[in-house]
Amino acid sequence: MTKEKSEEPGQIDSRRVYTGKVISLDVDRVRFPDGSVGELEMIRHPGASAVVPFLSDPRGADPQVLMIRQYRYATDGYLFEIPAGRLDPDEDPRDCALRELKEETGCSATQVDLLFTMYTTPGFTDEKIHLFMATGLTAGEAKRESDEFLDLEPMPLSRALELVEAGEIKDAKTALGLLFAAGFRAGR
């Protein structure tokens, strides 16, 4: 790393190294807060939405959530997850959440509320996931993509939280979405 005249931290320039279907890789020249300059490899991602679907009133005694158990090649197995997917170009995050809920579970929702937006791994990617909570679900037909292999796993919220506590839910967006929904929306 080199020192340059003290200016605002941020990107100086960037060069694209790879463009793929899901991500791109850039090498950015960056000015750090102390004025030094260095290179960082950055994964660029269009962002995503995820949704915690409640099958019953989230303020009820032990509301039911609709989880999915999905095969993930990167983890060499199945993970418990909430429905989620990549934003299409210029797509509103709420519309993406509704689309992914329908595609993966077949369900439509009468209400979808934003919980929060998170960065997945800010050390090397700009990916943000917008997390929502869905209620008023109506069953329908799923339209999964060819690489989506999943089963629907309805369960009481208390069971989902036990799986988080036991470390059996290893997907960060799912664990945070469930904890946020339980702690701040469902009144747990």
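The values are calculated or read from the model by the stated rules, or taken from the named source; none is laboratory data. As the structure is a computational prediction, the values presented were derived from the model and not from experiment. Here the Cβ positions follow ideal geometry from the backbone for every residue, glycine too, while neighbour counts run over all protein chains shown. The accessibility values were calculated without ligands, DNA or RNA, using every heavy atom of the protein model including side chains. Shrake-Rupley method; radii C 1.70, N 1.55, O 1.52, S 1.80 Å.
Here are a few things to note about the model shown:
- Only one entry in P33, P83, P93, P53 is modelled with pLDDT of 95 or more, exposed (fewer than 14 other Cβ atoms within 10 Å of the Cβ) and either farther than 16 Å from F124 by Cβ or not polar (S, T, N, Q) (or both), namely P33.
- Selected residue (only one of Q11, Q64, Q70 is more than 30 Å from E168 (Cα to Cα) and among the polar types (S, T, N, Q)): Q11
Rundown of residues vs (1) closer than 30 Å to G140 by Cβ; (2) not hydroxyl-bearing (S, T, Y), yes/no style:
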residue: S14; (1), (2): no, no
residue: V22; (1), (2): yes, yes
residue: D26; (1), (2): no, yes
residue: P63; (1), (2): yes, yes
residue: R69; (1), (2): yes, yes
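- Single condition P33 does not satisfy, out of (1) farther than 20 Å from L87 by Cα; (2) in contact (Cβ under 8 Å) with a residue 12 or more places away in the chain; (3) in a strand (DSSP E or B): (3)
- Take the conditions (1) touching a helix residue (DSSP H, G or I) at 6+ places or on another chain (Cβ under 8 Å); (2) crowded, with 19+ Cβ neighbours inside 10 Å; E148 misses just one of them, which is (2).
- Screening the candidates E39, E8 for the property of being open to solvent by 30 Å² or more (accessible area, probe 1.4 Å), over 30 Å from S158 (Cβ atoms) and part of a strand (DSSP E or B) yields one hit, E39.
- Scope segment 104-142; condition over 22 Å from A175 (Cβ atoms) and either surrounded by fewer than 16 Cβ atoms within 10 Å (Cβ to Cβ) or without any contact (Cβ under 8 Å) to a residue 24 or more places away in the chain (or both); matching residues: S108, T110, Q111, G136, T138, A139, G140, E141
- In the set V65, V27, only one residue is closer than 19 Å to D151 by Cα and either touching a Lys or Arg at 6+ places or on another chain (Cβ under 9 Å) or in a strand (DSSP E or B) (or both); that residue is V65.
- Scanning segment 143-156 for residues that are over 19 Å from the mean Cα position of the chain (by Cα) and either touching a residue at least 12 places away in the same chain (Cβ under 8 Å) or over 23 Å from H45 (Cα atoms) (or both) yields a total of 4.
- Criterion violated by A48 - all others in (1) open to solvent by less than 40 Å² (accessible area, probe 1.4 Å); (2) touching a Gly at 6+ places or on another chain (Cβ under 7 Å); (3) farther than 22 Å from M118 by Cα satisfied: (3)
- Scanning segment 157-175 for residues that are open to solvent by 40 Å² or more (accessible area, probe 1.4 Å), touching an Asp or Glu at 6+ places or on another chain (Cβ under 9 Å) and in contact (Cβ under 8 Å) with a residue 40 or more places away in the chain gives S158, E168.
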